[in-house]
Amino acid sequence: MPEKNQVSKAEITSLTSEGSGVCRIDGMAVFVPQTAVGDVCEIRIVKVLKNYAFGIAEKILVPSPDHIADSCPVYKKCGGCLLRHISYEAECRTKNGIVRDAFERIGGLSPQFDDFLGAEATERYRNKAQYPLAVQDGKAVCGFYAPRSHRVIPVEDCALQPAIFSSIIRTVLDYINEKKLSVYDEETNTGIIRHIYLRRGAHSQEIMVCLVVRKDISRQLSALCRTLAEKYSNIKSIVMNINSRKTNVILGDECVTLRGSDTISDTMCGNTVEISPLSFYQVNTVQAERLYGKALEYAAPDKDEVIADLYCGAGTIGLSMAKQAARIVGVEIVPQAVENARENAIRNNIDNAEFHCGDAGEVFGKLRRQGCKPDIIVVDPPRKGCSTETIDVIAGAAPRKIVMISCNPATAARDARLLSERGYSVDKVCGVDLFPRTGHVECVVLMSRDKA
């Protein structure tokens with residue numbers, strides 16, 4: 001067993017989903033951040049636990065072909081990106097391996113693995129950014145939280161965000177500092193301005209500026225609104241969101257439009273969508289369209305078939321399939337998302353879609369008892385996966401196909417295994433990278449009813 005401060009030579013043999021390299025020293029697994037598979041390093045042990053240890057690479061003796069230099073000045077401080085130190089090709093291999101490992105090792109399954117869908121753009125792909133504010137050296141700054149903390153790392157320009165976001169936040173910060181507007185302190189629950197929250201339509205290029213505040217300061221923001229509107233022609237909406245609670249949740253329930261419209265518009269899979277500050281909308285629009293395209297490929301509905309879309313959010317997945325099916329039945333627990341889904345259906349002249357609000361398992365179970373018999377079920381659960389009740393209701397509905405979209409391959413593999421025990425074969429899995437340079441990876445799963 002290694003000891004703290006021990007320095008050893010070792011080769012990195014794998015990467016975790018958190019982006020740390022893994023090696024073995026004195027028979028124990030050691031996790032080493034910002035290393036690549038194939039790096040041979042001098043590693044100092046910094047923490048030893050019962051079954052594993054943590055180390056830092058004091059020197060890379062032989063760099064891996066995967067290891068690259070990164071230009072981001074805050075990469076090692078910010079908690080956003082985890083994989084900027086390896087090539088994108090290596091990142092895709094790593095993420096594909098995470099997906100395969102989840103289904104083969106955790107799920108004990110043997111599906112066909114389709115080619116991993118890497119992103120065409122690895123930078124400037126995000127359509128949303130939420131910048132917490134803080135006071136440092138007497139001035140308001142914004143940026144992102146350091147890992148496992150609420151300490152703000154000032155960021156002038158994040159390579160994952162549109163370049164125009166950097167200019168907008170500089171304009172807002174200059175105004176806050178010039179007018180000496182107070183910045184929120186979460187420890188004392190004092191101060192006013194909490195976050196700068198920006199959204200942009202990937203196709204429309206329309207921008208929303210949302211300022212999250214502890215109380216209404218609309219009069220103090222009027223000059224800022226004029227400045228933003230004059231300086232940036234793509235800003236179509238400026239909103240103040242009021243969040244007076246002492247909480248880590250960023251947005252409050254009340255939105256006040258200060259200038260322009262309440263929403264911005266964009267398109268997703270050919271459908272027009274309206275985006276409010278509180279709307280759920282996939283952060284990487286282009287990759288989300290590829291993800292939904294793979295889900296539609298797996299579903300392959302006939303014109304006379306019914307699709308149930310569980311955990312449907314604002315309905316973007318179900319609505320993208322509506323023209324290929326007879327009927328879409330969506331279920332979502334967030335009331336505003338359900339309202340967004342209904343509005344999106346009307347806006348796009350889709351009259352074969354209906355949306356219901358409530359727990360996926362509970363509401364869909366009720367719909368089943370009322371005679372809803374879907375041929376295909378599409379399910380897009382949160383990171384924790386499906387509840388046991390939802391799994392039972394899905395299996396009890398006996399659709400001919402189940403298509404699962406998941407942001408957590410481990411829980412997707414667990415749920416796929418549970419459904420395989422209830423009469424479904426797990427046929428295909430495809431990994432999709434929605435968030436290049438971060439540790440996140442999505443997957444799409446095709447399951448079919450076992451006729452045997």
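State yes or no: is Ala146 in the same structural domain as Gln205 (by TED's automatic domain parsing), crowded, with 20+ Cβ neighbours inside 10 Å and not hydroxyl-bearing (Ser, Thr, Tyr)? Lay out the reasoning, then the answer.
Values: in the same structural domain as Gln205 (by TED's automatic domain parsing): yes; crowded, with 20+ Cβ neighbours inside 10 Å: no; not hydroxyl-bearing (Ser, Thr, Tyr): yes.
In short, no.
Being closer than 25 Å to Met240 by Cβ and among the hydrophobic types (A, V, I, L, M, F, W, C) is the filter; apply it to segment 273-294 and report the residue that is nearest to the chain's Cα centre (by Cα).
Val283
Give me the residue from segment 166-221 that is within 25 Å of the chain's Cα centre (by Cα) and small (Gly, Ala, Ser) and, out of that set, surrounded by the fewest Cβ atoms within 10 Å (Cβ to Cβ).
Here the residue is Ser167.
Within segment 94-101, identify whether any single residue is surrounded by 19 or more Cβ atoms within 10 Å (Cβ to Cβ), of a type in the set (D, E, K, R) and touching a Leu at 6+ places or on another chain (Cβ under 6 Å), and answer yes or no.
Within segment 94-101, none of the residues are surrounded by 19 or more Cβ atoms within 10 Å (Cβ to Cβ), of a type in the set (D, E, K, R) and touching a Leu at 6+ places or on another chain (Cβ under 6 Å).
Tell me which of these Pro2 doesn't satisfy, since it passes every other one: (1) surrounded by 17 or more Cβ atoms within 10 Å (Cβ to Cβ); (2) out of contact with any helix residue (DSSP H, G or I) (no Cβ under 6 Å at 6 or more places or on another chain); (3) at pLDDT below 95; (4) closer than 21 Å to Thr438 by Cβ.
Result: Pro2 passes all but (4).
Looking at Ser17, Ser71, can you tell me which residue is within 33 Å of the chain's Cα centre (by Cα) and buried (at least 18 other Cβ atoms within 10 Å of the Cβ)?
That would be Ser17, the only listed residue that is within 33 Å of the chain's Cα centre (by Cα) and buried (at least 18 other Cβ atoms within 10 Å of the Cβ).
Can you give me the number of residues within segment 368-397 that are out of contact with any helix residue (DSSP H, G or I) (no Cβ under 8 Å at 6 or more places or on another chain), in a loop (DSSP other than H, G, I, E, B) and over 22 Å from Asp304 (Cβ atoms)?
Number of matching residues: 1.
Test Val256 against the stated conditions and say whether it is surrounded by 20 or more Cβ atoms within 10 Å (Cβ to Cβ), among the β-branched types (Val, Ile, Thr), assigned to a strand (DSSP E or B) and free of Cβ contacts under 8 Å to residues at least 60 places away in the same chain. Give the derivation first.
Working: surrounded by 20 or more Cβ atoms within 10 Å (Cβ to Cβ): no; among the β-branched types (Val, Ile, Thr): yes; assigned to a strand (DSSP E or B): yes; free of Cβ contacts under 8 Å to residues at least 60 places away in the same chain: yes.
Criteria not met by Val256.
From the list Ser8, Ser14, which one is closer than 18 Å to Glu89 by Cβ and of a type outside the set (Val, Ile, Thr)?
Ser14
When you go through Ala53, Ala102 one by one, which is the residue that is modelled with pLDDT of 95 or more and within 25 Å of the chain's Cα centre (by Cα)?
Going through Ala53, Ala102 in turn, just one is modelled with pLDDT of 95 or more and within 25 Å of the chain's Cα centre (by Cα): Ala102.
Can you tell which of Asp174, Asp157 is on the phi < 0 side of the Ramachandran plot and part of a loop (DSSP other than H, G, I, E, B)?
Asp157
Can you pull out every residue in segment 198-222 that is of a type outside the set (Val, Ile, Thr), over 23 Å from Ala288 (Cα atoms) and touching a strand residue (DSSP E or B) at 6+ places or on another chain (Cβ under 7 Å)? Spell out the reasoning first.
So the first thing to find is which residues in segment 198-222 are of a type outside the set (Val, Ile, Thr), and the list is 198-206, 208, 210-211, 214-216, 218-222.
So of that shortlist, the ones also over 23 Å from Ala288 (Cα atoms) come out as 210-211, 214-216, 218-222.
Cys210, Leu211, Arg214, Lys215, Asp216, Ser218, Leu221 - these are the residues of segment 198-222 that are of a type outside the set (Val, Ile, Thr), over 23 Å from Ala288 (Cα atoms) and touching a strand residue (DSSP E or B) at 6+ places or on another chain (Cβ under 7 Å).
Pull up segment 420-452, narrow it to residues that are over 30 Å from Leu82 (Cα atoms) and small (Gly, Ala, Ser), then point me to the one that is modelled with the lowest pLDDT.
Filtering segment 420-452 for residues that are over 30 Å from Leu82 (Cα atoms) and small (Gly, Ala, Ser), the one modelled with the lowest pLDDT comes out as Ala452.
Kindly establish whether Leu224 is surrounded by 18 or more Cβ atoms within 10 Å (Cβ to Cβ) and assigned to a helix (DSSP H, G or I). Break it down stepwise before answering.
Values: surrounded by 18 or more Cβ atoms within 10 Å (Cβ to Cβ): yes; assigned to a helix (DSSP H, G or I): yes.
Yes.
Run down Ala295, Ala345 and say which single residue is under 20 Å from Ser204 (Cβ atoms) and not assigned by TED's automatic domain parsing to the domain that holds Thr257.
Criteria check complete, one pass: Ala345.
Exactly one condition in (1) assigned to a loop (DSSP other than H, G, I, E, B); (2) surrounded by fewer than 22 Cβ atoms within 10 Å (Cβ to Cβ); (3) in contact with a helix residue (DSSP H, G or I) (Cβ under 7 Å, 6 or more places away or on another chain) is not met by Pro436; state its number.
So Pro436 meets the others, but not (2).
Taking strands (runs of 3 or more DSSP E) that do not extend beyond segment 30-141, which have at least 1 residues that are in contact with a His (Cβ under 6 Å, 6 or more places away or on another chain) and of a type outside the set (Val, Ile, Thr)?
Ranges flagged: 128-136.
The values are calculated or read from the model by the stated rules, or taken from the named source; none is laboratory data. The structure displayed is predicted, hence computed values, not measured ones. FYI the Cβ positions are ideal-geometry reconstructions off the backbone, even for glycines, and counts take in every protein chain you see.
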